[in-house]
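A short write-up of the structure that comes next.
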Amino acid sequence: MLTNMWNWFPGWSQTVIIDLGLIIVIVLPLMLGVAYLTYAERKIIGYMQMRIGPNRVGPRDWLQPIADALKLLLKEIIVPTNSNKFLFLLAPVLAIGPALAAWAVIPFSDTLVLANIDASLLFILALTSMGVYGIIIAGWAANSKYPFLGAMRSAAQMVAYEIAMGFALVGVLMAAGSLNLREIGLAQAGNISDWYLWPLLPLFVVYFISGVAETNRAPFDVAEGESEIVGFHLEYSGMSFAMFFLAEYANMILIATLASIMFLGAWHPPFDVAPFTWIPGLGWLAVKVCLMLFFMLWFRATFPRYRYDQIMRLGWKVFIPVTLVWIVVIGGAIFLSPWGDVFH
Amino acid sequence: MGFEQILFYFFAGVLLFAATMVITIRNPVKSALFLVLAFFNAAALWILLEAEFLAIVLVLVYVGAVMVLFLFVVMMLDINLVKLREGFGEYLPYGGLVAVLLVIELVVVLNSPQFGLGEMPDPVGQAADYSNTRELGRLLYTTYVYPFEIAALLLLVAIIAAITLTMRKRKDTRYQNPAQQMSVQAKDRLRVVKMPAERKG
């Protein structure tokens, strides 16, 4: 009877319903991951600084993220007078929208991908480049001087590091000969020596550090340095404020996932032999993503904040030349056939 | 009406609305934001045309880069709306003339025998594994490699020209030398002075 009811729907609405279901299957764990990433951050940084971290809510404080979310939901959303109300409330949505939409093309394993589109790498680049609108509009719509200055600052930073990130991705697509993330993952099949981490090591370093800068994380957190710098979200409160942080953490997970897929052999185990191959691909990808996220938290606990001119110098004068040189190196290696085998 | 057509009319409707708002809305920042919306919907229409590479590049270049810089400039300018509204009647005849010319040109082009719907072959739908990007790349780097390189060179010249035009050397600008800052030692900055205690007690 259920199949009869299902067949009663026209074909296009069946597609829509299935896709909506799959979106929920992706977004719900992602949101849970975001919540527990904030918990992991507080705990890990706590232990790195020789303190315990949060330990009040639930067993071993596992309910702390839930408590935080409830608290933020119950807070009043204050809209400043003389601000543009529509844009003010649209900005957090624009910040989190691209951060979630990019997950549509992420392959979680050889077969698990919502939309296996041909130019998925470009799609991700295009969507992540849209995240900056949330920040600019937030700064402008609040009609307040400091958020506006903060928005200009972080927008300039994001635009600068996007270029280095884009160039790093050009190296990956040259090596794999494809813009499709699934094929990039498949090209790294085999052992740990087949991962793009080794031939593209400079690009990996540039990509990962640019990713940290792109998400406005420490040591590049001049956008929001919680304790002292006034950022673009000064006028936001409650859930509208939390949305920016949801977007930031979702972007962190996205950057970690992309780095794992493009440089760390995606869902392939490090050694293609028995005990390693027992763990399914999704598990390996999760391990790699967690490792990259751990590095991001480690950065925050370790490094002092960059000065703004140093951030700009690093992006424009160090990373972009490094990526350009390495793209030429890859081109040469592919052209001179003996070394072309490095890239399958 | 199929699902694809519903999508087409939706995106086309939003595109037309956004494009109209770009030129009618008073606030320049909102006008720029509507332009972003228009670009985005145009990209969606291109995806319906199976031109996904062009669509994504439109979003990447225009929405992600050009309009961000546009917004930067527009937000920082203090535009007086009253002054903008002045002289509307003065410029109306010229604007109207251009509009009429444009309409005539469009009608002539669309009605000419060379451009009729019948002249163009129906676009062939490609298989799902057809790589738009690969085909475009192949064409650009083989058949059209010289025009492509010339365009790249022109852009490079434009970049250099833009940088030289805006680069003013000011005598009083102060900047740090990072190499120098990195090589600084504690003894260059800090002098430890031994002082005898001034008073016993």
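So, taking all protein chains as they sit and a 1.4 Å probe, how much accessible area belongs to residue A:117, in Å² rounded to tens? Approximately 60 Å² for this residue. Shape call for chain B from the C-alpha gyration tensor, a ≥ b ≥ c root eigenvalues: rounded (a/c under 1.5), prolate (a/b greater than b/c) or oblate? Verdict is prolate for chain B. Provide the net charge surrounding residue A:168, with neighbours chosen by a C-beta distance below 13 Å and charges set as Lys +1, Arg +1, Asp -1, Glu -1. Counting the neighbours of residue A:168, the net charge comes to -2. Taking segment A:310-327 and a reference point 7 angstrom along Cα→Cβ of residue B:184, the backbone N atoms nearer than 20 Å belong to A:310-314.
Take the Cα of residue A:298, go 7 Å toward its beta carbon, and the backbone nitrogen atoms of segment A:36-63 under 17 Å from that spot belong to A:40-50. The 3J(HN,Hα) values that the Karplus relation (6.51, -1.76, 1.60; θ = phi - 60°) gives for segment A:48-64 are, in residue order, 5, 9, 6, 9, 8, x, x, 8, 10, 9, x, x, 6, 6, 5, 9, 4 Hz. Gly and Pro appear as x. Applying 0.36 nm per residue to the separation of residue B:50 and residue B:136 and subtracting their alpha-carbon distance, the gain on full extension is 29.7 nm.
At the nearest 100 Å², what buried accessible area, both sides summed, do you get for A and B when the probe is 1.4 Å?
Counting both chains, the buried surface is close to 2300 Å².
Backbone phi angles across segment A:284-299, fed through the Karplus curve with coefficients 6.51, -1.76 and 1.60 (θ = phi - 60°), yield HN-Hα couplings of 5, 4, 4, 4, 5, 4, 5, 4, 5, 5, 4, 4, 4, 5, 4, 3 Hz in residue order; Gly and Pro are listed as x. Given the rule -39500 (n - 2.57) for each run of at least 4 DSSP H residues, summed and divided by the residues of the protein assembly as shown, what is its mean residue ellipticity at 222 nm, to the nearest 500 deg cm²/dmol? Result for the protein assembly as shown: -21000 deg cm²/dmol, rounded to the nearest 500.
How would you classify the protein assembly as shown from its alpha-carbon gyration tensor, with a ≥ b ≥ c the square roots of the eigenvalues: rounded for a/c under 1.5, else prolate if a/b is greater than b/c, otherwise oblate? It comes out rounded by the Cα gyration axes. Which shape class, rounded, prolate or oblate, goes with segment B:1-88 when its Cα gyration tensor gives a ≥ b ≥ c as root eigenvalues, a/c under 1.5 marks rounded, and past that a/b bigger than b/c marks prolate? Oblate.
Within the set of other residues whose C-beta is less than 12 Å from the C-beta of residue A:180, count the net charge using Lys and Arg as +1 and Asp and Glu as -1.
Charge balance near residue A:180 sits at -2.
For the residues of A:241-253, the average number of beta carbons from a partner chain within 10 Å of their own beta carbon is 0. Shape analysis of segment A:89-183 based on the Cα gyration tensor places the equivalent ellipsoid semi-axes at 31, 16, 7 Å, largest first. Remark: the residue A:15-residue A:3 segment gains 2.8 nm on full extension, using 0.36 nm per residue and subtracting the alpha carbon distance. The accessible surface of chain A, taken with every protein chain in place and a 1.4 Å probe, is 72 percent carbon and sulfur. Local charge for residue A:67 was computed over the other residues whose Cβ lies under 10 Å away, with Lys and Arg +1 and Asp and Glu -1, and equals 0. The order of A:81, B:173 by accessible area, most exposed first and with a 1.4 Å probe, is A:81, B:173. Helix B:28-48 and the longest principal axis of the Cα set of chain B meet at an angle near 60°.
Across B:168, B:134, B:189, mean-square fluctuation computed from a Gaussian network of chain B (C-alpha pairs under 10 Å connected) peaks at B:189.
Counting only protein heavy atoms and using a 1.4 Å probe, the accessible area of residue A:239 comes to about 50 Å².
Give the calculated FRET efficiency between residue B:9 and residue A:305 to the nearest 0.05, with a Förster radius of 60 Å applied to their Cβ-Cβ distance.
After rounding to 0.05, the efficiency reads 0.75.
Say a paramagnetic label sat at a point 7 Å from the Cα of residue A:115, along Cα to Cβ; which residues of segment B:17-43 have their backbone N under 20 Å from it? Within reach of a label on residue A:115: B:36-43.
Any idea how far the Cα center of segment A:29-106 sits from the one of segment A:250-284, in Å? That distance is 25 Å. Each residue of segment A:205-216 was assigned a 3J(HN,Hα) from its phi angle through the Karplus curve 6.51 cos²θ - 1.76 cosθ + 1.60 (θ = phi - 60°); the sequence is 4, 4, 5, 5, 5, 4, x, 5, 5, 5, 8, 6 Hz, with glycine and proline shown as x. Put A:137, A:26, A:78 in order of accessible area, highest first, and with a 1.4 Å probe you get A:78, A:26, A:137.
The values are calculated or read from the model by the stated rules, or taken from the named source; none is laboratory data. Computed from a prediction, not measured in an experiment: that's the story for all the values here. Using ideal geometry, Cβ is built from the backbone for each residue, glycine included, and neighbour counts are taken over all protein chains shown. For accessibility, only protein heavy atoms count, side chains too; no ligands or nucleic acids. Shrake-Rupley method; radii C 1.70, N 1.55, O 1.52, S 1.80 Å.
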